[in-house]
Protein chains: 4
Amino acid sequence: MKGFFPPKSATGRSALVPSPPWYYSGDLLTIEYRTDPARIAELLPAPLTLAEEDPGAVALIWADWQSCGESREELLDPVRSQYRECFAVVRCRYGDRTFSRCVYIWVDKDFAIARGLHQGYPKKLGSIHLTRPHPYGPAPRIEAGARFGATLAAADRRLAEAVVTLREPAETNGFVNAHPMAHHRWLPHIEPGRGLALDELVESGAAAFEGGVPWAADADLRLFASPTEELSLLRIEEPIGAYYRQVGVCWNGGTLLASATSAANTA
Amino acid sequence: MKGFFPPKSATGRSALVPSPPWYYSGDLLTIEYRTDPARIAELLPAPLTLAEEDPGAVALIWADWQSCGESREELLDPVRSQYRECFAVVRCRYGDRTFSRCVYIWVDKDFAIARGLHQGYPKKLGSIHLTRPHPYGPAPRIEAGARFGATLAAADRRLAEAVVTLREPAETNGFVNAHPMAHHRWLPHIEPGRGLALDELVESGAAAFEGGVPWAADADLRLFASPTEELSLLRIEEPIGAYYRQVGVCWNGGTLLASATSAANTA
Amino acid sequence: MKGFFPPKSATGRSALVPSPPWYYSGDLLTIEYRTDPARIAELLPAPLTLAEEDPGAVALIWADWQSCGESREELLDPVRSQYRECFAVVRCRYGDRTFSRCVYIWVDKDFAIARGLHQGYPKKLGSIHLTRPHPYGPAPRIEAGARFGATLAAADRRLAEAVVTLREPAETNGFVNAHPMAHHRWLPHIEPGRGLALDELVESGAAAFEGGVPWAADADLRLFASPTEELSLLRIEEPIGAYYRQVGVCWNGGTLLASATSAANTA
Amino acid sequence: MKGFFPPKSATGRSALVPSPPWYYSGDLLTIEYRTDPARIAELLPAPLTLAEEDPGAVALIWADWQSCGESREELLDPVRSQYRECFAVVRCRYGDRTFSRCVYIWVDKDFAIARGLHQGYPKKLGSIHLTRPHPYGPAPRIEAGARFGATLAAADRRLAEAVVTLREPAETNGFVNAHPMAHHRWLPHIEPGRGLALDELVESGAAAFEGGVPWAADADLRLFASPTEELSLLRIEEPIGAYYRQVGVCWNGGTLLASATSAANTA
């Protein structure tokens, strides 16, 4: 039986995702703002705590990706490589280090869900749109004054929308998503009342990275309530900044920081 | 932090699925046939082995569901309750018992993927269609001679299609999917080369069940190859039978049969 | 060149829809209410005028259909027969007769758009969901107290949602959608500034109809604003009633009431 | 009542598309080949005839667009501007001129269907994917050796797939789609048996155009049969060439060449 991910088979080619490394080309639109730190604290399971500096900082990020495994074959059957996502990132403290942490994320393909399960991203399906730069016609170039729209919906409700206007080249692409990620991988025990069968805290980040010049931008962001989503509880108290950047990324596994998976969970 | 499934939050209402019990109303179209038992054996990880009787039997099942948790609120926002699936079931031997086992499955909603992760179904997204019975107009009633179509596609390729003609009321809805399910729950270790972080064999089945009279049917089934799918390797050597049945199901957890998750996987 | 609708070809089998008659099996959830008649009047092009009685009456209708042409082959490839729609109907006066008229409609398949072009329905794509009755499990039976949810979204924004509770069998399925339809078929001239190349007022209705007992219901309906939609301008001033009914319908063409397509539009 | 296209309203903002001019930014992947000219002839209604030179030439074109009207507001709500299409173009003779003509086309948004109705493109919905160039990571740059994949599916069946490898800058983007378009705008009479209510031959082309250097490419194209599609009848007898180009386009109406819409069709 082969295959990095189910379904496993004799050849492994049915697996929903191949084994890492995974490669990505994409455009990132990042909007940073401050919310009430209490809203972030309640999303951090112990022993994670709020970041010491600027603990209420949030980054809401739209990404338009093409991704693939080592064979790169997905790029030539682009229904298997193209996807979009929108995700909310906060920072947290674990031990004496500061991490980034994705608290909500929506994607539009199943292979992205599968990778998120491995990486500890709490993925749901959504409908994500992001204006793409283009060298001709009415779409924006990447230049001062260029305007990009971005929207997120799930379960037929719009959850977020933004218009971002590029201002000038910048030195960074923001600070909230700039640390290694500290994520949980949780799966409930199959037997009711027995808690978690998998309860891990993992660290990961890019194994390789390249990117264009980030652009600083001005953002107009709106969040909308939904009965099944709590993104809008991360209310926008104060804007920090916005950024646009084109990047290439390789992800190739992470590190187990802590595991509460115990013998008590075994048969 | 509350929530049966990620994303967890202070209230738990962001969770992609609520905790079981989960309730389902749906229509099942089942087609049973025999394939080369070697094709099934290679999908059974040790210590699972082929069923002793009729080891090459396969059931390909289409289902058109409405589902919900204990609150039943999803039924009133049906984008959150309605989904369709198509799945291939085989039988296997574990210890001295015979189990059913889903080897491939496609669904069209994220909450169904999440439930599958918990239950050990190897879910992917697909596009699934199934004729629905109706009391008026051109759609079929549930009666002798009624014809139902069923199709499955994934990644923009059609993988299976069937036409099923109802013949007469039957005593069963088939035998391949009639045992408790024996499924694996697998998640790779976050650190490359360290194998599986979760490696469980779990058993589950319906906690409660009601259903109408099954109908025996004649089926014309075709499977198509795809670079990323191996359903068509379960080639149709000999038809067994086909069935149509409307059912109500409750699922409420399972039993851990075996776990290879070990201390070696901890930090 | 054959084909009722483009694309036409030597065989006609590429046509997006076959020629009528068209057959439908489906479930209708109808919510009737009164809005400001001025909001309806502004949607009626001359010489249509407001209905004489209850001129502010609106019906918002959700439908879950399976449809086909004379060959009925679409029913066996249900991706080609199943679709859902939500549409707003008002009444109007033309000459000395009262007609129903669809002012907004969203569907989820292209063949439904094509039929709407022929019939004069102003169709857009949307995401439409409607609870389905089922004899087993948590989904509702068609009986007193049964609750159905219905939602509409377009362009990733929710436009309407309703919860309907069945009360008792009724004598009608409402009155707003009970007349023949008076629709316009409009297509702009290809040359800018030359007005309409097609400007017809057509009448149509069901060529044949069968249906179950309608159920009267209580409805809780909410409409939401959108930058590109004006359904919410038909504000709910006063509820009238709600209905649930399963029907079978045949549509087989209509009658041209008036045409303003003139020689001035020809080359 | 305002609105270029239904639904019309007091403000016109419900219209599925605004009035031209329409603006487009996009990437075009063009594959040209020769088929049996008889297959093209049978798609040309009289008085159109085969082109005099190279009458069997076909272009199959994938396009990845962002589009908008004069206000450009769709670009900032990109679910309303982004769409993809795949279309087959042939050439034909009308009078003493050579035209291009789209014989089959699939798009993935309703506003693109509406524009096609106006322009005479025989649009259906499909699922269209096309590798996008990107400056970082595994996706291709626009350079020699870069490989792009392109796929088309409709009704859950794959209809075409291609892999294109860029070779060198070229002087043209192909010749099959290089003429003004000659399209029919057809709508059946609402009364059965009365033929067409609209029967026009229209000419149109870009009102303005800008574009990057075209790249010549080598293509591997496969077409697949479907019960409802006839693209695969345009069998690949001999490859001609392939091209990749980024463009900006403005479309602003066309010219009526001939109309068979007659008084006989009026009430």
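Table for the structure above
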| quantity | calculated |
| --- | --- |
| Residue in the range D:241-249 that is touching a strand residue (DSSP E or B) at 6+ places or on another chain (Cβ under 9 Å) and over 30 Å from D:Ile142 (Cβ atoms) present | no |
| A:Ala219 being within 30 Å of D:Ala139 (Cα to Cα) and open to solvent by 40 Å² or more (accessible area, probe 1.4 Å) | yes |
| Candidate set from the range C:226-261 (those that are in a loop (DSSP other than H, G, I, E, B) and open to solvent by 50 Å² or more (accessible area, probe 1.4 Å)); member that is modelled with the lowest pLDDT | C:Ala260 |
| Qualifying positions in the range C:109-144 - under 15 Å from the mean Cα position of the chain (by Cα), basic (Lys, Arg) and within 26 Å of A:Ala153 (Cα to Cα) | C:Lys109, C:Lys123, C:Lys124 |
| Within the range B:185-195, considering residues that are free of Cβ contacts under 8 Å to residues at least 60 places away in the same chain and open to solvent by 10 Å² or more (accessible area, probe 1.4 Å), the one farthest from the other protein chains (Cβ to nearest Cβ) | B:Gly193 |
| Residues located in the range B:3-23, provided they are under 15 Å from B:Gly253 (Cβ atoms) and not polar (S, T, N, Q) | B:Phe4, B:Phe5, B:Val17, B:Pro18, B:Pro20, B:Pro21, B:Trp22, B:Tyr23 |
| Options D:Ile61, D:Ile31: the member that is of a type in the set (A, V, I, L, M), crowded, with 22+ Cβ neighbours inside 10 Å and over 30 Å from D:Ser259 (Cα atoms) | D:Ile31 |
| Residue selected from the range C:65-80 under the condition open to solvent by less than 10 Å² (accessible area, probe 1.4 Å) and in contact (Cβ under 8 Å) with a residue 40 or more places away in the chain, by the criterion farthest from the chain's Cα centre (by Cα) | C:Gly69 |
| Cβ-Cβ under 6 Å pairs, at least 6 apart or on other chains, the range D:43-59 side free of Cβ contacts under 8 Å to residues at least 40 places away in the same chain, far side surrounded by fewer than 19 Cβ atoms within 10 Å (Cβ to Cβ) | D:Pro55/D:Pro37 |
| Filter pass, A:Ala178 being within 27 Å of D:Asp27 (Cβ to Cβ), among the small types (Gly, Ala, Ser) and touching a residue at least 40 places away in the same chain (Cβ under 8 Å) | no |
| Extreme residue, farthest from the other protein chains (Cβ to nearest Cβ), among residues of the range D:140-171 that are among the charged types (D, E, K, R) and part of a strand (DSSP E or B) | D:Glu168 |
| Search result, residues across the range C:195-225 that are touching a strand residue (DSSP E or B) at 6+ places or on another chain (Cβ under 8 Å) and part of a loop (DSSP other than H, G, I, E, B) | C:Gly195, C:Gly212, C:Val213, C:Pro214, C:Phe224 |
| Evaluation of C:Val247 against (1) closer than 24 Å to D:Leu16 by Cβ; (2) out of contact with any Pro (no Cβ under 8 Å at 6 or more places or on another chain); (3) within 11 Å of another protein chain (Cβ to nearest Cβ) (one fails), failing number | (1) |
| C:Leu198, sole failed condition from (1) buried (at least 21 other Cβ atoms within 10 Å of the Cβ); (2) under 27 Å from C:Arg97 (Cβ atoms); (3) more than 14 Å from chain D (Cβ to nearest Cβ) | (3) |
| Among the candidates B:Pro133, B:Pro169, residue that is open to solvent by 40 Å² or more (accessible area, probe 1.4 Å) and not aromatic (Phe, Trp, Tyr) | B:Pro169 |
| All positions within the range D:201-224 that are facing another protein chain (nearest Cβ under 8 Å) and touching a helix residue (DSSP H, G or I) at 6+ places or on another chain (Cβ under 9 Å) | D:Val202, D:Ser204 |
| Residue in the range A:35-47 that is nearest to B:Ala10 (Cα to Cα), counting only those that are within 12 Å of chain B (Cβ to nearest Cβ) and surrounded by fewer than 20 Cβ atoms within 10 Å (Cβ to Cβ) | A:Glu42 |
| Residue ID - nearest to the other protein chains (Cβ to nearest Cβ), chosen from residues in the range D:111-132 that are part of a loop (DSSP other than H, G, I, E, B) and in contact with an Asp or Glu (Cβ under 7 Å, 6 or more places away or on another chain) | D:Arg132 |
| The range A:138-162: number of residues that are buried (at least 20 other Cβ atoms within 10 Å of the Cβ) and under 17 Å from D:Asp77 (Cα atoms) | 17 |
| Qualifying positions in the range C:92-124 - open to solvent by 20 Å² or more (accessible area, probe 1.4 Å) and not basic (Lys, Arg) | C:Tyr94, C:Gly95, C:Asp96, C:Thr98, C:Asp108, C:Asp110, C:Leu117, C:Tyr121 |
| The range C:172-184, subset open to solvent by less than 40 Å² (accessible area, probe 1.4 Å) and in contact with a Pro (Cβ under 9 Å, 6 or more places away or on another chain), residue farthest from the other protein chains (Cβ to nearest Cβ) | C:Gly174 |
| Residues (of a type in the set (D, E, K, R) and closer than 30 Å to B:Arg132 by Cβ) located in the range C:15-57 | C:Asp27, C:Glu32 |
| Residues that are within 14 Å of chain A (Cβ to nearest Cβ) and among the aliphatic types (A, V, I, L, M), drawn from the range D:74-110 | D:Leu75, D:Leu76, D:Val79 |
| Qualifying positions in the range C:9-24 - open to solvent by less than 10 Å² (accessible area, probe 1.4 Å) and touching a Pro at 6+ places or on another chain (Cβ under 6 Å) | C:Ser14 |
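The values are calculated or read from the model by the stated rules, or taken from the named source; none is laboratory data. No experiment lies behind these values; they were computed from the predicted model shown. Neighbour counts run over all protein chains shown; Cβ positions are idealised from the backbone, glycine included. Remember, those area values only see protein heavy atoms, side chains included, never the ligands or the DNA or RNA. Shrake-Rupley method; radii C 1.70, N 1.55, O 1.52, S 1.80 Å.
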